[in-house]
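Engineer: Please read through the structure below; I'll follow up with questions.
The values are calculated or read from the model by the stated rules, or taken from the named source; none is laboratory data. Not measured: the values here are computed from a predicted model. We place every Cβ from the backbone using ideal geometry, glycine too, and count neighbours over all the protein chains shown. Only protein heavy atoms, including side chains, enter the accessible area calculation; ligands, DNA and RNA are left aside. Shrake-Rupley method; radii C 1.70, N 1.55, O 1.52, S 1.80 Å.
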Amino acid sequence: MISPWDRWHSTRCCLCCHVRTGTVILGVWYMLINAVVLLILVTALGDPDQYHLTSAELANDLDDMDDANMCIASAISLLMILISGMATYGAYKQHAAWIIPFFCYQVFDCALNTLVAVSIVVYPNTIQDYLQQLPENFPYKEDIMAMSNVCLVFIVLLFIGCILTFKAYLIACVWNCYRYVRARSTTEVLIYVTTNDTTVLLPPYDDTMAIPSKNAPPPYMA
């Protein structure tokens, strides 16, 4: 009998690659994205005039983001690089404990997106409020605001649903990688202990050969 939870356990993920390979690729991808974000934030802190905006609305929003908020965003990006690096190292070197922080981040991120979807269902007027806050030169702003509220909610929920499905699949891949690495480590430990026990319990080879046999072997017949 196979439990329903074990049926979801697989050692393969997208593109038919191993879950360890998929976790390594995912960790490297997150490190690259957060490294780019961190580079932009650090450069913006060093030279704010380089990232000026022509739109007055966006410029005012950027002015509201003071140096403290940008430092917090930089610290979060640096933390994400560390967590992604730990997951990459843990999957490559087969250390299951190093994958747990990245898995917890994935679950937390998926939970936040789920709360966003629930808030849109409960308060559908927030979409219209968000559209009104967009700049006047935003592409297709008038066409989007001309749509009915029900249609907007359906499109946004469909988009968030696709994102949540993809995130859930990535969570399953990382979890399967964690289970694979942990099971492999446990198997290696059990084999090592069993081999040691067997070596200790077996008598030496010389003592075994010195013990005379109870029955003499039959004579050789040509």
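Engineer: Residues Ala87, Ala91, Ala73: which one is part of a helix (DSSP H, G or I), in contact with a Leu (Cβ under 6 Å, 6 or more places away or on another chain), open to solvent by less than 50 Å² (accessible area, probe 1.4 Å) and not polar (S, T, N, Q)? I'd like the intermediate steps shown before the answer.
Structural biologist: Numbers: Ala87 fails: in contact with a Leu (Cβ under 6 Å, 6 or more places away or on another chain); Ala91 fails: in contact with a Leu (Cβ under 6 Å, 6 or more places away or on another chain).
Being part of a helix (DSSP H, G or I), in contact with a Leu (Cβ under 6 Å, 6 or more places away or on another chain), open to solvent by less than 50 Å² (accessible area, probe 1.4 Å) and not polar (S, T, N, Q) holds for just one of Ala87, Ala91, Ala73, which is Ala73.
Engineer: Here's something else I'd like to know. Please go through segment 130-155 and give me each residue that is closer than 19 Å to Ser119 by Cα and not in a loop (DSSP other than H, G, I, E, B), ordered by number.
Structural biologist: Tyr130, Leu131, Gln132, Asn149, Val150, Cys151, Leu152, Val153, Phe154, Ile155, listed by residue number.
Engineer: Can you tell me which of Leu131, Leu157 is open to solvent by 50 Å² or more (accessible area, probe 1.4 Å) and out of contact with any Asp or Glu (no Cβ under 9 Å at 6 or more places or on another chain)?
Structural biologist: It is Leu157.
Engineer: Restricting segment 34-70 to residues that are open to solvent by less than 40 Å² (accessible area, probe 1.4 Å) and modelled with pLDDT of 60 or more, which is farthest from the chain's Cα centre (by Cα)?
Structural biologist: Here the answer is Ala44.
Engineer: Further question on the same structure: Is it true that some residue in segment 107-120 is in contact (Cβ under 8 Å) with a residue 60 or more places away in the chain and assigned to a helix (DSSP H, G or I)?
Structural biologist: Yes, the conditions are met somewhere in segment 107-120.
Engineer: Now, a different point. Do we have Ile99 as touching a Ser or Thr at 6+ places or on another chain (Cβ under 9 Å) and of a type outside the set (Lys, Arg) here?
Structural biologist: Considered against the rule, which asks whether it is touching a Ser or Thr at 6+ places or on another chain (Cβ under 9 Å) and of a type outside the set (Lys, Arg), Ile99 comes out as yes.
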